[in-house]
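Novice: Here it is: the structure, laid out below.
The values are calculated or read from the model by the stated rules, or taken from the named source; none is laboratory data. Because the structure is a prediction, the values reported are computed rather than measured. Cβ placement follows ideal geometry from the backbone for every residue including glycine, while neighbour counts extend to all protein chains displayed.
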């Protein structure tokens, strides 16, 4: 009887610690996810707040703001272009590729720098680097002065507001998701993904 009682007590203790560890891991994963989302949105917000668009910045040369599709943006921004830069204007682009957010950053030290160029597709921008993976969707929603959703195309006027919508999962969940068969992934996404949104006011500046 004593041995059986001890076995029950030990089993109960083991289950308690196992559940506590599971809860602790889940909490750490959630914290990591929210931290990662905040960092991503902070980077995008900083870039967008520096965005500029101008008609005839020099005679016949315009600075454009362009959205090739829902998950891409290309624009010129005022910012820190890095050591040796002669101009504070930077070409920036975002795109969504194979569960990754990628960002292009091109300063005037690069031969690819051309702030007056048009971009039919953000994919032909140079200098893309991964910002984060584990991304299930990325969407840029642009609004005009009438609060209407629209797609700015090679325009010299900035949107009044851009809403950045991001759906992602934490690193451990993403690693597990990659190993799942295709028919199991959607169900797992519904359980583990979180959506984050950030509204960035640009005020429709430009000309």
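Novice: So which of 196, 188 ends up being in a strand (DSSP E or B) and in contact with a helix residue (DSSP H, G or I) (Cβ under 6 Å, 6 or more places away or on another chain)? Outline the logic, then answer.
Specialist: On the way: 188 fails: in a strand (DSSP E or B).
Criteria check complete, one pass: 196.
Novice: A follow-up question, please. Which condition number does residue 35 fail, the rest of (1) part of a helix (DSSP H, G or I); (2) surrounded by 13 or more Cβ atoms within 10 Å (Cβ to Cβ); (3) at pLDDT below 95 being met?
Specialist: Unmet for residue 35, out of (1) part of a helix (DSSP H, G or I); (2) surrounded by 13 or more Cβ atoms within 10 Å (Cβ to Cβ); (3) at pLDDT below 95: (2).
Novice: Please work out if residue 141 is closer than 22 Å to residue 64 by Cα, loosely packed, with under 13 Cβ neighbours inside 10 Å and at pLDDT 95 or above. I'd like the intermediate steps shown before the answer.
Specialist: Working: closer than 22 Å to residue 64 by Cα: yes; loosely packed, with under 13 Cβ neighbours inside 10 Å: no; at pLDDT 95 or above: yes.
So residue 141 fails the test.
Novice: Which condition number does residue 81 fail, the rest of (1) over 20 Å from residue 110 (Cα atoms); (2) touching a residue at least 24 places away in the same chain (Cβ under 8 Å); (3) out of contact with any helix residue (DSSP H, G or I) (no Cβ under 8 Å at 6 or more places or on another chain) being met?
Specialist: That leaves (1) as the condition not met.
Novice: If you scan segment 62-94, which residues turn out to be assigned to a loop (DSSP other than H, G, I, E, B) and more than 19 Å from residue 151 (Cα to Cα)? Break it down stepwise before answering.
Specialist: Initially, segment 62-94 is screened for residues assigned to a loop (DSSP other than H, G, I, E, B), giving 64, 67-72, 79-88.
Answer for segment 62-94, where residues must be assigned to a loop (DSSP other than H, G, I, E, B) and more than 19 Å from residue 151 (Cα to Cα): 79, 80, 81, 82, 83, 84, 85, 86, 87, 88.
Novice: Let me ask something else about it. Taking the options 194, 172, name whichever one is in contact with a strand residue (DSSP E or B) (Cβ under 9 Å, 6 or more places away or on another chain) and either surrounded by 14 or more Cβ atoms within 10 Å (Cβ to Cβ) or at pLDDT 95 or above (or both).
Specialist: Details: 172 fails: in contact with a strand residue (DSSP E or B) (Cβ under 9 Å, 6 or more places away or on another chain).
Answer to the selection: 194.
Novice: Now, a different point. Return the only residue of 137, 173, 147 being assigned to a loop (DSSP other than H, G, I, E, B) and either more than 16 Å from residue 47 (Cα to Cα) or in contact (Cβ under 8 Å) with a residue 60 or more places away in the chain (or both).
Specialist: Numbers: 137 fails: assigned to a loop (DSSP other than H, G, I, E, B); 173 fails: assigned to a loop (DSSP other than H, G, I, E, B).
Step by step, each of 137, 173, 147 is checked, and only 147 is assigned to a loop (DSSP other than H, G, I, E, B) and either more than 16 Å from residue 47 (Cα to Cα) or in contact (Cβ under 8 Å) with a residue 60 or more places away in the chain (or both).
Novice: Based on what the data block shows, is residue 151 under 19 Å from residue 69 (Cα atoms), touching a strand residue (DSSP E or B) at 6+ places or on another chain (Cβ under 9 Å), at pLDDT 90 or above and surrounded by fewer than 17 Cβ atoms within 10 Å (Cβ to Cβ)?
Specialist: Values: under 19 Å from residue 69 (Cα atoms): yes; touching a strand residue (DSSP E or B) at 6+ places or on another chain (Cβ under 9 Å): yes; at pLDDT 90 or above: yes; surrounded by fewer than 17 Cβ atoms within 10 Å (Cβ to Cβ): yes.
Criteria met by residue 151.
Novice: Being touching a residue at least 60 places away in the same chain (Cβ under 8 Å) and either under 12 Å from the mean Cα position of the chain (by Cα) or closer than 18 Å to residue 198 by Cβ (or both) is the filter here; which residues of segment 40-64 pass it?
Specialist: 40, 41, 43, 44, 45, 48, 49, 51
Novice: Does segment 156-163 include one or more residues that are buried (at least 16 other Cβ atoms within 10 Å of the Cβ) and under 18 Å from the mean Cα position of the chain (by Cα)?
Specialist: First pass over segment 156-163, keeping only residues buried (at least 16 other Cβ atoms within 10 Å of the Cβ): 156-162.
Next, only the ones that are under 18 Å from the mean Cα position of the chain (by Cα) stay: 161-162.
The answer is yes; a qualifying residue exists.
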